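A.B. asks: One structure follows; several queries about it will come next.
The values are calculated or read from the model by the stated rules, or taken from the named source; none is laboratory data. None of these values were measured; they are calculated from a predicted model. All Cβ positions, even for glycine, are placed from backbone atoms using ideal geometry, and neighbour counts span all protein chains on display.
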Amino acid sequence: MFLNHWKFVMAAALFIPSVAHAQDQKDQQAYCVYVMEQAQAQRDFLRTPTAAAGFTQPETGLPMQIVGAASLGLSDFKKAGLTMEAARKNCELYRATLEAQQDVQYAFTNLEKNALQNRLGLIEHATQSLDALMEKTSKMVEAQNATRLMLFTLQTTRIKMDADRADTQSKIAAIYVPALSDKPLKDLVAQKQSGEQQEQKALDKLNRQNNWDVALSVGVHQQVNPAAQGPQPYGEVTVSYNLASWSINKHLDRAANAHEEWKRVQEGDVVRSTEVLRQQLLDSITVQEAKLKSLREESAQIDKNLEVVANPDTSAAFDFHNQLSAAMLLLQIETNDASFRIDQAREYLAKNY
């Protein structure tokens, strides 16, 4: 039963990351399609001349005229290209942010899953050693050199190991970890921060484009009553400049710096979350080191007692030896588990920070 359950857990572990990776791709693609379609609509609006028609009376006493014209501003034409660039930067930033966020969000969970899978291997190894000890004791019981009570002590330890195995498998099955990037977390965060800077620069250029404009209007006007011989063409060039441009640009520069500082301290942002994760890992190492020290002290005491009954020559000595060996197997699981968690956390910190 345990073997079949373990096969199911392994199959699920292999299947879920591929599904999660495909889901992440769909997420990114869907968002980028949304952003780019919005930008393309704005681009088409900005770079397409605006048509207008109406009636006008140039001066009191003059006949009414009908006017038709089309106008296009150079500033709007440039903003069309800048809008598309800002959308592309926004899409790139979303991808970088999602990748970094997932690494931070699931880092601890992924480490826990690895530790649980390692624990399964430790339990399996200890179970094999215990089975060999139980087989030896069973033969002695059959030869009436040992009591069934001695064998029952080992069977109790086997029950504990089986329960530990089942509990570990259940925890693994309950853990969800999507496909994570192979890049170090520090590189993902740097990529995300670079993406934010690039997006802010693109938005800054787009906002600065509102400070000036050169607009060209062309059209015709036709006298309505009495009707003239034909429509008369006209053209007009208008140049505009915002007198507060210097002050506006200064505030835009400050806004970009303020945005960078805000992202650095924002509680839910990747940069802040990365630092929180680092502290969690350091605290975890401290806890596991204290646990490992205590386990090693207990193991040392059992080793001393095992040396005393290394070659048991009585039934009582053999029983004591079995009890000590069973306890040592349980301690080895916990000791190696704690050691693995410490090494894993240190390796993660060295790679990602």
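A.B. asks: Mind telling me which of the residues Asp204, Asp253 ends up being in contact with a helix residue (DSSP H, G or I) (Cβ under 6 Å, 6 or more places away or on another chain) and of a type in the set (Asp, Glu)?
C.D. replies: None of the other options fit; the residue is Asp204.
A.B. asks: Right, here's the next one. Take segment 44-63 and flag every residue that is surrounded by 12 or more Cβ atoms within 10 Å (Cβ to Cβ) and part of a loop (DSSP other than H, G, I, E, B).
C.D. replies: Thr48, Pro49, Pro58, Pro63
Condition check ((1) under 17 Å from Leu349 (Cβ atoms); (2) touching a residue at least 40 places away in the same chain (Cβ under 8 Å); (3) acidic (Asp, Glu)) across all residues:
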site: Arg264; (1), (2), (3): no, no, no
site: Arg272; (1), (2), (3): no, no, no
site: Val276; (1), (2), (3): yes, no, no
site: Gln288; (1), (2), (3): yes, yes, no
site: Lys293; (1), (2), (3): no, no, no
site: Arg296; (1), (2), (3): no, no, no
site: Asn305; (1), (2), (3): no, no, no
site: Asp313; (1), (2), (3): no, no, yes
site: Phe320; (1), (2), (3): no, no, no
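A.B. asks: So, one more: Does Ala215 satisfy the criteria of being part of a helix (DSSP H, G or I) and either in contact (Cβ under 8 Å) with a residue 40 or more places away in the chain or under 17 Å from Leu46 (Cα atoms) (or both)?
C.D. replies: no
A.B. asks: Which of the residues belonging to segment 170-179 are part of a helix (DSSP H, G or I) and among the small types (Gly, Ala, Ser)?
C.D. replies: Correct list: Ser170, Ala173, Ala174.
A.B. asks: Let me ask something else about it. Here are some residues: Leu93, Leu122, Leu82, Leu111. Which one is under 30 Å from Val270 (Cβ atoms), modelled with pLDDT of 95 or more and crowded, with 18+ Cβ neighbours inside 10 Å?
C.D. replies: Only one candidate passes the filter, namely Leu111.
A.B. asks: Any residue at all in segment 282-294 that is modelled with pLDDT of 85 or more, more than 33 Å from the chain's Cα centre (by Cα) and not β-branched (Val, Ile, Thr)?
C.D. replies: Yes, segment 282-294 contains a residue that is modelled with pLDDT of 85 or more, more than 33 Å from the chain's Cα centre (by Cα) and not β-branched (Val, Ile, Thr).
A.B. asks: Might you check whether a residue that is closer than 30 Å to Lys192 by Cβ, under 32 Å from the mean Cα position of the chain (by Cα), small (Gly, Ala, Ser) and assigned to a helix (DSSP H, G or I) occurs anywhere in segment 157-169?
C.D. replies: No: zero hits.
A.B. asks: Quick check: is even one residue across segment 128-141 surrounded by fewer than 18 Cβ atoms within 10 Å (Cβ to Cβ), of a type in the set (A, V, I, L, M) and either at pLDDT 90 or above or under 15 Å from Asn336 (Cα atoms) (or both)?
C.D. replies: Yes.
A.B. asks: Please go through segment 196-252 and pick out each residue that is of a type in the set (A, V, I, L, M), closer than 14 Å to Lys79 by Cβ and touching a Gly at 6+ places or on another chain (Cβ under 6 Å).
C.D. replies: Residue satisfying the conditions is Ala215 alone.
A.B. asks: When you go through Lys89, Lys78, Lys113 one by one, which is the residue that is closer than 30 Å to Pro233 by Cα and touching a residue at least 40 places away in the same chain (Cβ under 8 Å)?
C.D. replies: Lys78
A.B. asks: Name the one entry in Asp204, Asp182 that is part of a loop (DSSP other than H, G, I, E, B) and either under 18 Å from Asn90 (Cβ atoms) or not small (Gly, Ala, Ser) (or both).
C.D. replies: Asp182
A.B. asks: Determine if segment 99-121 includes at least one residue that is over 20 Å from Leu349 (Cβ atoms), among the acidic types (Asp, Glu) and in a helix (DSSP H, G or I).
C.D. replies: no
A.B. asks: Kindly provide the set of residues from segment 172-203 that are basic (Lys, Arg) and buried (at least 17 other Cβ atoms within 10 Å of the Cβ), ordered by number.
C.D. replies: Scanning segment 172-203 gives a single hit, Lys192.
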